[in-house]
Every structure is written in C-alpha cells, then in structure tokens.
Amino acid sequence: MHILHHGAVNGVTGSCHQLIINDQSSFLIDCGLFQGEDSVDDLNIEFNIDTVRALIVTHCHIDHVGRIPYLLMAGFKGPIFTSVASASLLPLVIEDALKVGVTRDQKIIDACLRLLKQQVVAVDFKAWFELPCKGEHTAKARLQRAGHILGSAYVEIDISTPPYKASNNHRVVFSGDLGAPYTPLLPSPKVPYKADTLVIESTYGDKNHQGRKQRTQTLKNVIERAVADNGVVLVPAFSIGRTQELLYELEQLIHASAKNSPWRTIQVILDSPMAANFTEQYRKFKYLWDEEAKQKVAKGRHPLDFENLTTINTHSEHLALINYLASRQTPAIILAASGMCTGGRIVNYLERFLTDKTTDVLFVGYQGRGTLGRDIQTYGPNNGYVLINNTRVNINAKIHTISGYSAHADQAGLIKFVTGMRKKPHHIKIVHGDDDAKNTLAAKYREVLGGGVKVEIGKG
C-alpha cells in the first residue's frame, strides 16, 4: 500500500490523492481543480487511471471536485462514493464548473451530468461500504462528519490482507477538509478512534482562529463602522458553507438588536444564484444542522431566510443593483462569490467600489496565493492597487480580515484530531497547505507525538 498525491501538495487547491492497494486496484480521494497560482491550462487527467476502481468525494468545494468531468472524459466508469448531502450538491457544483471553465454547450453539460448521476453512490455517515478491489486485498470505507460544509466528510478506509484477521488490517484516514469548532450550523468533527496512516490537511497549520464570540463581535463592529458612512460592505464568500454561516450570524445580530437599531433596517443582499441554490440545499438538510440551529428553527426563526435578506438572481438585476448602489449612498451588505475573488459577481463589485473610501471589503475565508483576494489583502491596507480585467484599480476601500470564520480547523483543531485518537497513527502525511503551514504543523506533531510517529510532508 502507498499513496500518490496528484494535487493539494504545493498549496491548498487541486485535492486529489490516490490510495494504491496493489498493482490491480487503487482509489481516488477527491479530484479537485487547481486555483490561483496553482492553476494549470491543461485540466486533462495526467496520471494513469487504469487501476482506479472508485472515487470517494469528501465534499463539494470546487478544489476537491472540479476535475471530475475530466476524470469521466478520461474513461473512468467506477462508482463515485459520497455522503447523501454531497450527492445532492455535486451535480449543481459540476454544472457550474462546466459552464464557467469548459463549455456553455448544454448538450455536453447534460451528457456529463448524466454520467455523473449514473456513477454517484450516496452513502450514510458512519456506515461501512465495500470498495471494489481486485487482487488478494479487500477494502471497505466509511464517511464521518467533518463539519466543514454541508455533507463534508473525512474518510476511513480499512485494507485487509490475507489471512483476513484484525492484525492484518491497515486503516488509512483521509481528513478531507476539517471544520473549525463552534462554527454556525454544523457540528464539529468527532475524532476518529484510530488510524494507522493519516493524510491530513494543513490550511491553518500555523495559525489559531478567533473564538466564536470574538469573531461575531468583530463582524458586528466592522459592519457598524462600515455602514455609518452609508457605504457598502463587500463580502467575498464561497457559495457553499461560508455564505450560509454568514447569513446565520447576520440573522442572529439582527434578531438580537434593539427595535430602533440600524440593524433592523440594514439590507443584506445575496448576489449569487449558486449560493442561493446551495442555501436551499442547507435548508433541505436541516437534520444535519447542529443543536443550536435546530432550536432556532423550532422557535420559528429562519436563520437562512430572514426579512432583511434580498436575493439577486439574474445578471440584469445584478448590474442594476451595482448602478443603484453607485448612484446613492445606501448602506448594504453584499455577499457574493467567488470566495477568493477569482471570478463571479464579486469581481464586478470590486472593480466598481474598491476606489470608494466609504467601501469596506471583509474577507472571511482563506485567500490562495495568486488570487485577486490575496492581492487585495496584501496591497489594500497600504492603499495600493490591483489589476481587474487588465485595468489598474486603486484601493481606497478599507480592508478587513476575520480569521475566525474559516471553515477549516486551525492548528489547535488539527492537533486535537490526532491526539484525541485512542490509537495514534504510525505515519502522518501532511497536505493541503502553504509551505509555512505544513512545516509548522509537522514540527508541532513531532513535538507532541514524539519520535515513534513518522511525520512527513506530502510530495507530488
């Protein structure tokens, strides 16, 4: 058994890991798109898939599923295992990815989606399922809730070698993306009982997040300062996960405010058809919410569909809203994709409003190297400039970052994921992070686990 990494080893995008069982059987865990400085022009699958018997999808972010169409085009005909909620989300994500990056030809899109739906196998959390395996080995897997976004999972795979007994089992755990504790809507991930080999993300391997109370207070303060001058607050947000968490927090701030408070009249605008679709999916899968969120619903609250919320659908409505906000000093909170400002409607807002001193840009998620979001974070505080659509745009807006809204576990969470296991791994492979994050996390693991555990940085 060994593991090849086809992505998310030099950065945080393009997650794709191949678990090789023997010379006849292997499994892919995720097949994601490269983004930012990791982007590549040729998205065709560059590795041999002859032995790939199945794909396991941890969650539906584009950097984990965006290359699935290319995998299908390369001839992959095996099952695609994923959670029930992810199986519902996946066609929406893939259709959007095809339209944005591949083709607008609906016949091609429909053909790809038909293949996808034929091959997707929805599995319940905690339930073991057999993996198709040739040769003398057998393998089974199960998904456990990761708390990252709706439907997200980490994967436990048990590989058995004859004679089939417990001592000949090897458990490999792939973390996918682990959620941060105390995030809105979804429960925190529970630590696995054991792992022999662990492949773990390290997005925030060198940082710890703000606590939830502090994070919410920071959000409240930023927005109150921002709207005091009647400017707009632009929040680049991932369509799945971050948008829904923010809506949840904003509803709470509005609900808790005094009757004559400006919060009661502030407009929250969701300008992303995809995010609106995913928000509907979040409402559909309420049974996966955490207890706090379920209690709010039981009391008649609507955390993802409240009075102050307006959803913008069509492109003409989007352009009309930009013109309206530009012509009038009207405070508003705009949530729009993409989360790293690499495309989508947020780019139009940034192009129009970054030069305005009354604008505030609020980053609530990781900004990959080489993305417009990272550039604004870097140069904005010094009133620098960025290039948008090949045009120089000066940054006069105020730039804020709230780290606590990350959907990724921080260093403390990543450490706890390992130290909380009853049976610790013998081998840890660190992926999905910048060099500093991976190296810092590796050093921390070596410090807390001692020399009996092999800790290495995954290599492509």
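The values are calculated or read from the model by the stated rules, or taken from the named source; none is laboratory data. The structure presented is a predicted model; accordingly, all values stated were derived computationally and were not measured. Cβ sites come from the backbone with ideal geometry, for glycine too, and all protein chains shown count toward neighbours.
Where in segment 172-285 are there strands (runs of 3 or more DSSP E), lying wholly inside it, with at least 3 residues that are in the same structural domain as Lys416 (by TED's automatic domain parsing) and closer than 27 Å to Glu156 by Cβ?
Passing ranges, in order: 197-201.
Being farther than 18 Å from Cys133 by Cα and of a type in the set (Val, Ile, Thr) is the filter here; which residues of segment 45-81 pass it?
Once the filter is applied, which keeps residues that are farther than 18 Å from Cys133 by Cα and of a type in the set (Val, Ile, Thr), segment 45-81 yields Ile45, Thr58, Ile62, Val65, Ile68.
Among the helices (runs of 4 or more DSSP H) confined wholly to segment 288-400, which include 3 or more residues that are small (Gly, Ala, Ser) and over 26 Å from the mean Cα position of the chain (by Cα)?
315-327
Residue pairs, Cβ under 6 Å, 6 or more apart or interchain, first in segment 314-342 and assigned by TED's automatic domain parsing to the domain that holds Thr358, second of a type in the set (Lys, Arg) and not in a helix (DSSP H, G or I). List them.
From segment 314-342, the pairs are His318/Arg345; Ala336/Arg345.
Please work out which residue is farthest from Glu251 (Cα to Cα), limiting yourself to segment 174-198 and to residues that are surrounded by fewer than 24 Cβ atoms within 10 Å (Cβ to Cβ) and β-branched (Val, Ile, Thr).
Per the criteria, the residue is Thr197.
Filter segment 334-359 down to the residues that are surrounded by fewer than 24 Cβ atoms within 10 Å (Cβ to Cβ) and aromatic (Phe, Trp, Tyr) and list them by number.
Phe353, the sole residue that qualifies.
Criterion first (touching a strand residue (DSSP E or B) at 6+ places or on another chain (Cβ under 9 Å) and not hydrophobic (A, V, I, L, M, F, W, C)) does Pro162 satisfy it?
yes
Return a yes/no flag: does segment 142-163 have any residue that is in a loop (DSSP other than H, G, I, E, B) and hydroxyl-bearing (Ser, Thr, Tyr).
Within segment 142-163, one or more residues are in a loop (DSSP other than H, G, I, E, B) and hydroxyl-bearing (Ser, Thr, Tyr).
Tell me which helices (runs of 4 or more DSSP H) are completely within segment 1-115 and hold 3 or more residues being without any contact (Cβ under 8 Å) to a residue 40 or more places away in the chain, in the same structural domain as Gly147 (by TED's automatic domain parsing) and at positive phi, or say none if there are none.
none
When segment 270-317 is examined, which residues are found to be farther than 16 Å from Leu185 by Cβ, modelled with pLDDT of 95 or more, out of contact with any Phe, Trp or Tyr (no Cβ under 9 Å at 6 or more places or on another chain) and crowded, with 18+ Cβ neighbours inside 10 Å?
Once the filter is applied, which keeps residues that are farther than 16 Å from Leu185 by Cβ, modelled with pLDDT of 95 or more, out of contact with any Phe, Trp or Tyr (no Cβ under 9 Å at 6 or more places or on another chain) and crowded, with 18+ Cβ neighbours inside 10 Å, segment 270-317 yields only Ile312.
Quick grid of which residues meet (1) more than 16 Å from the chain's Cα centre (by Cα); (2) buried (at least 18 other Cβ atoms within 10 Å of the Cβ):
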| site | (1), (2) |
| --- | --- |
| Asn48 | yes, no |
| Phe76 | yes, yes |
| Val121 | yes, no |
| Lys126 | yes, no |
| Ala139 | yes, yes |
| Ala146 | no, yes |
| Asp158 | yes, no |
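Select from segment 338-371 the residues that are within 27 Å of Thr216 (Cβ to Cβ) and hydrophobic (A, V, I, L, M, F, W, C) and list them in ascending order.
Within segment 338-371, Met340, Cys341, Ile346, Leu350, Phe353, Leu354, Val361, Leu362, Phe363, Val364 meet the criteria.
Could you please find all residues in segment 410-440 being in contact with a Pro (Cβ under 8 Å, 6 or more places away or on another chain) and either of a type in the set (Val, Ile, Thr) or in a loop (DSSP other than H, G, I, E, B) (or both)?
Val418, Met421
When segment 150-172 is examined, which residues are found to be under 25 Å from Phe238 (Cβ atoms) and among the aliphatic types (A, V, I, L, M)?
Selection gives Leu150, Ala153, Val155.
Would a scan of segment 86-101 turn up a residue that is farther than 29 Å from Gln144 by Cβ and of a type in the set (Gly, Ala, Ser)?
yes
When the residues of segment 215-228 are filtered to those that are surrounded by fewer than 18 Cβ atoms within 10 Å (Cβ to Cβ) and more than 17 Å from Glu251 (Cα to Cα), which remaining residue is nearest to the chain's Cα centre (by Cα)?
Looking at the filtered set, the residue picked out is Arg225.
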